[in-house]
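Written out below as C-alpha cells is the structure these notes cover.
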Amino acid sequence: MTTTRTNRPRRPLLVGTTAVAAMAVTVGFMTAAPEQAKAATGPKLSLIAATGSVTLTSWKEEPGVYLDLGTYLTAEGTPLELKVTRKSYKDPVTIAQTVFEGGRTTTRTLPVGTVKDFSGLPGFAEVTVTDKTGKVVASRKENFCPNNASGRVRPDAPATSKYPESCPTNPFTLGSVWGIEKGWAANTYAGSYTEPVKLAAGTYTAKVRVAKKYRDLFGIADKPATVKVTIEERSWENGRAAAASEHAGHGAGHQAPAAHAGHGAGHAPTPAQAAAPVTSGAGPSYNVGHGPLKAAPPALPWALKVQQTGRAGAQAAGDGTGQTDGSRQAPALTPRSARPTGAPSVPDVPKPDLRSLPAYGITISDGGGQNVPGKDYLAFSANVWNAGPAQLVVDGFRSPGKAKMDAYQYFYDAKGKQVGYTPTGTMEWDPRPGHVHWHFTDFASYRLLKADRKEAVRSGKEAFCLANTDAVDYTVKNANWHPFNTDLSTACGQENSISVREVLDVGSGDTYTQDLPGQSFDITDLPNGTYYIQVLANPAKRLKETDLNNNSALRKVVLGGTPGRRTVTVPAHDLVNAN
C-alpha cells in the first residue's frame, strides 16, 4: 500500500447501539419464543428483537442511517464460547467452540474458513429493509461480534459476564475469546464494522435473519426477527446540539476526562463518530496519545443505565461497586501509599513477558501542521504487549518537591501476595497539552533501520503511561479479559500525585501512535529505499521478564517520492496485509 502525505486512517467508533432498555421486557419474549432446532452441542441460541419498533435518526451531514435495530442473540443452558487464534502471522485465523457439558469442557473445532480475522463471525446477520409497498430498499450481510453490547435478559442470569467487551481491531491480534454468557444477549448490530444506509425519512420494515451456515453450525432456528423502523431526518446544526445537551449525563462513564480532552485536533471525533444515539450509552472513548481509537464501549445494560440516570429503583439494580450489572470492569489497582521497605529482591515467581508487535498505521506526514514546515515524517503505531503469565506492575514514588518519581517493579506469588520488588528506573511528569500525566521511562524504543539493519533514525519517544489499549491475545495463560486501566484516565496520575501505579495486564498491549515530530521519524534527508521500523520493548532491560529474547519486532517499509511529496509502500507482513 502506498500513501502520500496523509494522516493515518483510524477505525471509526461504534456509531451507536439501540438502547438495551427495551431488553427489560425480553423476559416475556424468552418464555413465549417458539422452540428452535436443537444444536448437536453447545448452548441453545435464539435470535430475538428487543422491541417491535425503533426510531432511527438520519443526519443530513452524514452519509446515511445506521441500522441498529435492537436484535440480539441469546444463549441459554450454557454459554456460547469461541476461541479465535492464529499460530503465527504465517498461519490463517482459526476458531474453536468451548462446549460445556456435565461439568466438563470439550473443544469443538469449527470448519476452516469460518472466520477470516478477529472482527467477528462474517456474514452472520442478513438484514433486509422494505418500504410500505414491500419493495426491498436495502439488503446487507453483517459481521457479528458475540462480545458486543451484552446484557442480561432474565433476572436470575449471572450478574456479570466473564467474556471481553469487544472484538479486537489490531491487525496483529494473535488470539481472542468471544462469548455470550448464559442468560445474556449480544447485539447483532455490527457497530464499528458496518456502513450507513441511505434511506429517506419514512417508515420501513426490517427483517433480520441468521445466515444458514450459522443456523446449521450452532443449531439456531430459522426464525427471523421483524422490526418496524421509522426514519427521522434531522440537521446537525438545528437539532443535534440540543439533543446532546438534553442527555449530557448519558454515558458519562465513557467520556475522557477534561484533563485529556485537548489532545491534537487529529484525534477529535468526526460527526459520524460522534453520532451515537443519545439512548445508547455508547459515548466516545479516546485514548489520548495511544491509538488507534478503539471501538466505543458496548451499550450499557438497562440496570446500569437506570442507575446512572437516577431513575426510580436504580439502587436496587446494581451488584456492588466495580461489579455492577454489565460493567464487567475489574477493580482498580491502586498504588501503595509508601515506598517498599526491606531489601529489594527478584523472587522465583511468574513474571511478565513483554513482546513487540510489528508497526502498523504507517503513513507519510509533513511538518506543516506541527509548525516545522519543510520536513517529512514517517508516522506509525507501535504496540508492546504482555504475554504473561504475570502482570507487569510498576509503582512510582515521589520525593516531596521533586519532578520525578522512583519506579519499582513488583512481584507476586500464585495467590496474589506481594513477595518482592526491584528498582526499575523513573517516572516523569509530562506537562504538555494532551499529556498532563506521569510517564514511565524506558518502556520501549523505536528505531528506523536501514536495509542492513543499522540505525538510521531514532524516535525521541521512550516514556509512556501504560494502558491496556488492545486485546492482543486473550488465550494465553492468566489473560485478564477485563483490564481496568484501558485509557489514560484510569492509569496515569495527576500533577499532585504522591504515587502512581501503572499496569500492563496479561494478554493486553499498549498501542502508542507516533504521529508528532520527535515521535515519528524525520525522513527529510533520508534517501529512498528499503527500511525497517523496529519496535523494541524494555530496551534497557531494567524490567524483569520471563524472556528477554522476544522483545523486538521489525516491519519493512519502502520510501519513495520527492522532498515534500514522499511516499511509503508497506509490504504485507506474512499474511497480515495492513499498512
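The values are calculated or read from the model by the stated rules, or taken from the named source; none is laboratory data. Note that this is a predicted model, so its numbers are computed, not measured. Backbone-built Cβ (ideal geometry, glycine too); neighbour counts: all protein chains shown. Areas reflect the complete protein model, heavy atoms only, side chains present, ligands, DNA and RNA absent. Shrake-Rupley method; radii C 1.70, N 1.55, O 1.52, S 1.80 Å.
Observations
- Exposure of SER520 as accessible area (Å², to 10), given a probe of 1.4 Å and all protein chains: 10
- Neighbourhood net charge (13 Å Cβ-Cβ; Lys/Arg +1, Asp/Glu -1) for GLU81: +2
- Gyration tensor verdict on segment 350-421 (Cα atoms; rounded if a/c is under 1.5, prolate if a/b is larger than b/c, oblate otherwise): oblate
- Entries in LYS132/LYS212; LYS182/LYS477; LYS87/LYS213; LYS162/LYS351; LYS162/LYS182; LYS135/LYS213 that, when Cα-Cα distance is taken, lie over 19 Å: LYS132/LYS212; LYS182/LYS477; LYS87/LYS213; LYS162/LYS351; LYS135/LYS213
- Residues GLU76, GLU181, ordered by accessible area of protein heavy atoms at a 1.4 angstrom probe radius and largest first, appear as GLU76, GLU181.
- Total formal charge among the other residues, if their Cβ is under 13 angstrom from that of VAL54, Lys/Arg +1 and Asp/Glu -1: -1
- Gain in span if fully extended, GLN418 to ASP525, counting 0.36 nm per residue against the direct Cα distance: 33.5 nm
- Two-site FRET efficiency, THR106 against THR205, from Cβ-Cβ distance with R₀ of 56 Å, rounded to 0.05: 0.85
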